[in-house]
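Shown next, in structure tokens, is the structure this report addresses.
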Amino acid sequence: MKKFLICTIAAMFCSGAKMSACTGLLVGKKASTDGSVMISYAADSHNLYGEMYFWPAAKWPVGARLDISEWDTGRPLGQIAQVAETYSVVGNMNQYQLAITESTFGGRPELVDTTGIMDYGSLIYVTLQRAKTAREAIKVMTSLVAEYGYYSGGESFSIADKNEAWIMEMVGKGVGNKGAIWVAIRIPDDCIAAHANQSRIQQIPFADRENCLYSPDVVTFAREKGYFTGADKDFSFAKAYCPYDFGGLRACEARVWSFFRKFSGDMDKYEDFIKGDPTKEPMPLYIKPNRKLSVQDVQACMRDHFEGTSLSMTEDVGAGPYKVPYRWRPMHFTVDGQEYINERAIATQQTGFVIVPQMRSWLPDEIGGILWFGADDADMTVFTPVYSASLSVPECYRVGNGDMYRFSWTSAFWIHNWVANMAYSKYSFMIKDIRKIQTELENGYRETIPAIDAAAKSLYDKDPLEARRFLTWFGVSTAQEATERWKTLGEYLLVKYIDGNVKKEDANGFVRNPYGMPVSPDFPGYDEEYYRGIVRSAGERLRAK
């Protein structure tokens, strides 16, 4: 049993280039404070560079072909037929306010088709160039895998437009079996949902074709493979294609639970379940929140480290003297023959980029879609607004401005990682300075958006293209200014906390003596809990005599 648990966790968190640790939240339009549909995505991978992808709208000649390469590795997979017209895409959102994100659950390894062409990343970005609505996107994605084969393992997709949000789960059919097994459930408008590397769709409402779509062999294939033997009404997609295990609960469903419990007083009953007991009642796919969510709420939820729960990452010795809510990989370790795990929170250090796509039906598509984008980990990034109909992307987010092996002082990814890696060494101190600037910037953007919308609408009524140019300028200038502000923050943190000290400050900045020289800094040392730990391990050697 111990070996099984460790193998499960190792497969989830040590899978090389595979993006197997992402989190997605979904909010229906009647569950949001302003009537917008929202989803979120943390693209978590130790190999993924945080940049904003961009494809301009285009028209293609008859017979054009499109090269497909695996998103995780860049490996060429083949070619597919290009369509006559493609739409512009900024990040994970297109000009028609369609947004698609994912989280990998893997599922049964024998169902992976290594001969397929469409991997999950290509499915997302090709579909964004071809579909205008969530329902159309589901049709495009499932048609692509039916024609060209599905290359990836099990995936949960968030698919949302300005009116509705869906979760679609997909698995392959094994080597040489073209197509995929899939089911898509529409999230009720007054509900919220989430997925985090574990299949979450249980029973399928087969008769509700308005709110549920599925492959015709979703049940029969499971019967043929021996995954299911009961009546159709009892069929569970998750139990058939990605059964719960300890890792899927503790490292994956726990993130969903932490999100849900912020908006429901009924989630504590699932604590034993998410701590690793698959015999307990599973959580629902979606819940009706006890209050409506704002963009700020969703952004805050992407910064979660289980604060306020029994899984809080700042309450044990692993947090160190400065209460760091992060644990370096691997996620499992062994002491005296006993295996242990660290928590896996929504916010994690290896994030490439994090987004909150916001879709607003009451505005023209050229104005309604906002991609709130941040480079690196949500906890220590700034979400800047980039309108989804933008004609270009900010230089600080541009593909090619630096990479994982090449530092760039003009790259938001590197600037934010620079600041974050300083903060890890003195988190409880530095996060206060970070939150101050982060809150100031993000509040400013939210307060500015209504005026930007109004100005864009005035331009749109005369010339939609002018509106798009204006919104492009706003997104570019905002992101560039935010990156420069974060660089200044990094310089400030380095000066303030150098060598474990804390510089004295007043309303005018760092304090100098009457002669212009720096005054002696503060020496905060460590907290009592940490000192007690030192005494337990080396007290006799360090005892003053």
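Some notes on this structure:
- Net charge, GLU491 excluded, C-beta distance under 14 Å - Lys, Arg +1, Asp, Glu -1: +2
- For region 75-186, the solvent-accessible area of protein heavy atoms averages 26 Å² per residue (probe radius 1.4 Å; ligands and nucleic acids excluded).
- Charge dipole of the chain about the Cα centre (unit charges at C-beta), most positive-ward option of TYR87, LEU459, GLY500: GLY500
- The heavy atoms of GLU540 offer some 120 square angstrom of accessible surface to a 1.4 angstrom probe.
- Local net charge near PRO450, Cβ-Cβ under 13 Å (Lys/Arg +1, Asp/Glu -1): 0
- For region 282-287, the Karplus equation 6.51 cos²θ - 1.76 cosθ + 1.60, evaluated at θ = phi - 60°, returns couplings of x, 6, x, 5, 8, 9 Hz by residue, with Gly and Pro reported as x.
- Here the Karplus curve 6.51 cos²θ - 1.76 cosθ + 1.60, taken at θ = phi - 60°, turns the phi angles of region 317-324 into couplings of 4, x, 6, x, x, 10, 6, 7 Hz, with x standing for Gly and Pro.
- For LEU77, the residues whose amide H sits under 5 Å from its own are ILE68, SER69, GLU70, ignoring neighbours fewer than 5 places away on the same chain, with H placed 1.01 Å from N.
- Protein heavy-atom accessible surface, 1.4 Å probe, per residue over region 492-533: 75 Å².
- Charge context of GLY24, other residues only, Cβ under 14 angstrom, K/R +1, D/E -1: -4
- Long-range HN-HN contacts of VAL382 with modeled amide H, under 5 Å: ALA375
- Measuring with a 1.4 angstrom probe and ignoring ligands and nucleic acids, ASP522 comes out at about 70 Å² accessible.
- Apportionment of accessible area to carbon and sulfur, the chain, percent (1.4 Å): 54 percent
- Long-range amide H partners of PHE353 with built H, under 5 Å: ALA43, ASP376
- Restraint check, LYS132/LYS457; LYS29/LYS487; LYS59/LYS487, Cα-Cα greater than 31 Å: LYS29/LYS487; LYS59/LYS487
- Rg/Rg_globular for the chain, with Rg_globular taken as 2.2 N^0.38 Å and Rg from C-alpha atoms: 1.01
- Evaluating 6.51 cos²θ - 1.76 cosθ + 1.60 at θ = phi - 60° for every residue in region 326-336, the Karplus couplings come out as 9, 9, 6, 6, x, 7, 10, 8, 10, 10, 6 Hz, glycine and proline recorded as x.
- The loop-placed trypsin sites (Lys or Arg not before Pro) in region 148-233, going by DSSP, that have at most 11 neighbouring Cβ atoms within 10 Å of their Cβ come out as ARG209.
- Restriction of the chymotrypsin sites (Phe, Trp or Tyr not before Pro) in region 164-226 to DSSP coil positions whose beta-carbon has at most 14 other beta-carbons within 10 angstrom yields PHE206.
- Ordered by solvent-accessible area of protein heavy atoms (1.4 Å probe), largest first, the residues GLU110, GLU224 come out as GLU224, GLU110.
- When each of the peptides 370-381, 266-277 is scored by the mean number of other C-beta atoms lying within 10 Å of its residues, the order from highest to lowest reads 370-381, 266-277.
- Mean separation of Cα pairs under 8 Å and 6 or more residues apart, divided by the residue count, gives region 221-342 a relative contact order of 14 percent.
- Set of region 223-260 residues, backbone N closer than 20 Å to the point 7 Å along the Cα-Cβ line of VAL175: 225-226
The values are calculated or read from the model by the stated rules, or taken from the named source; none is laboratory data. Everything quoted here is computed from the prediction, not taken from an experiment. Don't worry about glycine lacking a Cβ; one is built from the backbone with ideal geometry, like all the others, and counts go over all protein chains shown. Please note that ligands, DNA and RNA were not included when accessible areas were found on the heavy atoms of the full protein model with its side chains. Shrake-Rupley method; radii C 1.70, N 1.55, O 1.52, S 1.80 Å.
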